[in-house]
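The structure appears below as C-alpha cells.
The values are calculated or read from the model by the stated rules, or taken from the named source; none is laboratory data. As the structure is a prediction and not an experimental result, all values here were calculated from the model. Only protein heavy atoms, including side chains, enter the accessible area calculation; ligands, DNA and RNA are left aside. Shrake-Rupley method; radii C 1.70, N 1.55, O 1.52, S 1.80 Å.
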Amino acid sequence: MFFEPSGRRQNLRVTAVGTRRRFRTWRGERPFWAGLFTATAGVPIIYFPYAHVTLGGMPLALSTTAGAGALVIGVLLLVLGFSLWFHRQARTFAGIAAMLLALISFPVANFGGLLLGLLSGLIGGSLACAWTPPADADGPPPAVSPVPTAGPLGEDQGGM
C-alpha cells in the first residue's frame, strides 16, 4: 500500500518509449515531412489576408479582395498535407497539386503568405513527388530466379 513514485515513472517511461516507437514506424511508412511542409504552407497563406499586422506601430494592411482566393488555396494546401499522411498512394498528385497551388498563391495571396507559404509549399510538394515507399510496404520482394544468367556475348567462357 506504499506509494511508489518510481514505479509510476517507470510505467510512464515504458509507455512513452512505446508511443515514440509506434510514431516513428508510422512516420517512416508515409511522406511525413512532405505532408508537414505542405500543411504548414497553408497556414501563412490563410493567416496574412485576415490578420491586422502592425510593423513598428504602423498598421500594415494585407487584407485584399483576394482574401477568398487565399482562403481556398490555404485550405486546399492543408487538405493536401493531411492527405499525404493518410493516403500515401496519392502522393504524386498531391505533390504536383501542392506545388501548383503554392505557385498560384504568389500573385493571389500576398506573395504566397509573404513567401513563407510559397517556399514551404514548394518544398513539401517536391518532397511528396520524390518520396518512395519503403521496400517492406510494397509487399513481398520479387522472387530471385535460381537459373544462372549467361555472360555477355563475346567474352571468353573459361577456355571452352
Listed by chain and number, the residues whose amide H is under 5 Å from that of V53, excluding neighbours fewer than 5 places away on the same chain and using placed H, are L60, L62
Phi-derived 3J(HN,Hα) across segment 96-107 with the Karplus relation (6.51, -1.76, 1.60, θ = phi - 60°), rounded Hz, x for Gly and Pro, is 5, 5, 5, 5, 5, 5, 5, 5, 5, 5, 4, x
Probe 1.4 Å, all chains present, heavy atoms only: L12 accessible area in Å², nearest 10, is 120 Å²
